[in-house]
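Undergrad: Below: one structure in structure tokens.
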Amino acid sequence: MVVASESGKTALKVAKALRGLDVNVVCVTAYAGVRRPLGGEWPQINGEKREKLEEFGVKILDEARWIFGCTFDYAFLKTHTPSKAIHMFLSRTMGYGFKTAVEIALIAADVGAVPTDEEVIAIAGTGRTGGGADCAIIIKPAHVYGGEFIDLEKGAEVKEILALPRLKFTDYMIRKIKESRSYL
């Protein structure tokens, strides 16, 4: 199971709920290249919360690069595509959680934290804009490098949507997004 969790709180809730069920929990959080330029603390999950997650056997991915933008387009696909527009479209139509759930599954697969030949559950949400962990999907992840994730035979595939919010953007979320001037 892969969980997006900026503070570790959501990952800890998942780990507690699954305690004793022989389920590996992977927490994907912000890496230094995102946190430090924004004036944030890194590692984001530290101290007592990190210790607690480690006690539960949660693998914390805070050094894995996120997947976005023209860097992604050229480095992995050797071409330029409108990935920002695709991200914005997915966020708008399916919600931040859906887009993020797909991303964290790919990130976890890329670093070897989850297998690419098995389905995993990915949980994510709207995070800092106030929606919480409101999306869960079953996905067969794939490696991003070289474009494997879009390969017709080996590519990533969302198998099932377990939870998806009907309301994708609340007034509060829209205001927060506009304030931060960030759609992604």
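The values are calculated or read from the model by the stated rules, or taken from the named source; none is laboratory data. Predicted model, so just to flag it, every value in this text is computed and none were measured. Using ideal geometry, Cβ is built from the backbone for each residue, glycine included, and neighbour counts are taken over all protein chains shown.
Undergrad: Every residue in segment 52-111 that is at positive phi and at pLDDT 80 or above, please.
TA: Scanning segment 52-111 gives G57, G95.
Undergrad: Here's a follow-up. Can you tell me which residue within segment 1-42, out of those that are touching a Gly at 6+ places or on another chain (Cβ under 9 Å) and surrounded by 20 or more Cβ atoms within 10 Å (Cβ to Cβ), is modelled with the lowest pLDDT?
TA: The selected residue is A30.
Undergrad: Among the residues of segment 139-154, is any of a type outside the set (D, E, K, R), under 20 Å from I60 (Cα atoms) and assigned to a strand (DSSP E or B)?
TA: Scanning segment 139-154, I find at least one residue that is of a type outside the set (D, E, K, R), under 20 Å from I60 (Cα atoms) and assigned to a strand (DSSP E or B), so the answer is yes.
Undergrad: Follow-up. When you scan segment 8-29, how many residues do you find that are of a type in the set (K, R) and either in contact with a Leu (Cβ under 6 Å, 6 or more places away or on another chain) or outside any helix (DSSP H, G or I) (or both)?
TA: Here is the first cut: in segment 8-29, the ones of a type in the set (K, R) are 9, 13, 16, 19.
If we keep only those that are either in contact with a Leu (Cβ under 6 Å, 6 or more places away or on another chain) or outside any helix (DSSP H, G or I) (or both) too, we end up with 19.
Within segment 8-29, residues that are of a type in the set (K, R) and either in contact with a Leu (Cβ under 6 Å, 6 or more places away or on another chain) or outside any helix (DSSP H, G or I) (or both) number 1.
Undergrad: Among the residues of segment 156-174, is there at least one that is closer than 19 Å to V25 by Cα, modelled with pLDDT of 95 or more and part of a loop (DSSP other than H, G, I, E, B)?
TA: no
Undergrad: So which residues in segment 156-178 are exposed (fewer than 15 other Cβ atoms within 10 Å of the Cβ) and of a type in the set (G, A, S)?
TA: Step one: filter segment 156-178 for residues exposed (fewer than 15 other Cβ atoms within 10 Å of the Cβ), giving 157, 159-163, 166-167, 170-172, 174-175, 178.
Correct list: A163 only.
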